[in-house]
Amino acid sequence: MDKPLGLYLHIPFCKSKCAYCDFYTLPHSEEKMDAYTDALIRHVEEVAPRCAAHRVDTVYFGGGTPSYLGEKRLIRLIKTVKKRFHIAPDAEITLEANPDSAGDWKALRALRKAGFNRLSLGVQAADDALLRRIGRIHSWEQVLSAAAAAGMAGFDNMSLDLIYGLPDQTLEAWQETLRAATALE
């Protein structure tokens, strides 16, 4: 059981499809979330026995917008992963989140207690007008709220996804995004 293994669980749901996104996503498909969660749990249970010789050192919930799936479904998924795989005690378990769906510190705390220990926020830029031009539905204010909520929930391992070279993005706008992001500490 010394062979390391990383798990990636794709959560395809989004509130809307961003103009630059090439990932498989299901915007406006909330009615499919329960069935998808059930199918993903069955798949995890089916695959896990083939991985018995492995120690999982990384679990990554990506997408789409995994946080949009909701805390209850995410907790069911992480509990299944933890039950079926040999998870290393120091494994990094990441949840991708958009700022508009990560502002509830109580929900984030429940996710943290369930085992998620890293949060990756899809920020992209600090300029609200630029965010709207690329189809993002959050604002910089929501980034601030999500970062504060993550801290209150106990997340001390957090990353921010930023994009350089967006249409009409000036060097000054990029520098402002970097300054604003680093100010979040």
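The values are calculated or read from the model by the stated rules, or taken from the named source; none is laboratory data. All values derive from a computational prediction rather than experimental measurement. Positions of Cβ are generated from backbone atoms using ideal geometry, with glycine treated the same way; all protein chains shown enter the neighbour counts. Just the protein is used for accessible areas: all its heavy atoms, side chains included, with ligands, DNA and RNA removed. Shrake-Rupley method; radii C 1.70, N 1.55, O 1.52, S 1.80 Å.
Residue-wise test of (1) assigned to a helix (DSSP H, G or I); (2) open to solvent by 50 Å² or more (accessible area, probe 1.4 Å); (3) within 30 Å of Ile163 (Cβ to Cβ).
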residue	(1), (2), (3)
Leu7	no, no, yes
Cys18	no, no, yes
Asp34	yes, yes, no
His43	yes, yes, no
Glu46	yes, yes, no
Gly62	no, no, yes
Arg73	yes, yes, yes
Gly103	no, no, yes
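For beta carbons closer than 6 Å, sequence separation of 6+ or different chains, a first residue in the range 95-109 that is within 16 Å of Ser159 (Cα to Cα) and a second that is open to solvent by 10 Å² or more (accessible area, probe 1.4 Å) and of a type in the set (Phe, Trp, Tyr), the qualifying pairs are Ser101/Tyr68.
In this structure, Val143 does not qualify as assigned to a strand (DSSP E or B), under 18 Å from Lys15 (Cα atoms) and of a type in the set (Val, Ile, Thr). Each residue in the range 146-165 was checked for being more than 18 Å from Leu111 (Cα to Cα), open to solvent by less than 60 Å² (accessible area, probe 1.4 Å) and either in a loop (DSSP other than H, G, I, E, B) or hydroxyl-bearing (Ser, Thr, Tyr) (or both), and 2 of them qualify. Look at Thr80 and say whether it is in contact with a helix residue (DSSP H, G or I) (Cβ under 8 Å, 6 or more places away or on another chain), buried (at least 20 other Cβ atoms within 10 Å of the Cβ) and of a type in the set (Val, Ile, Thr). When the stated conditions are applied, Thr80 does not pass them.
Here Ala180 passes the criteria (1) open to solvent by 40 Å² or more (accessible area, probe 1.4 Å); (2) among the aliphatic types (A, V, I, L, M); (3) modelled with pLDDT of 95 or more except the one numbered (1).
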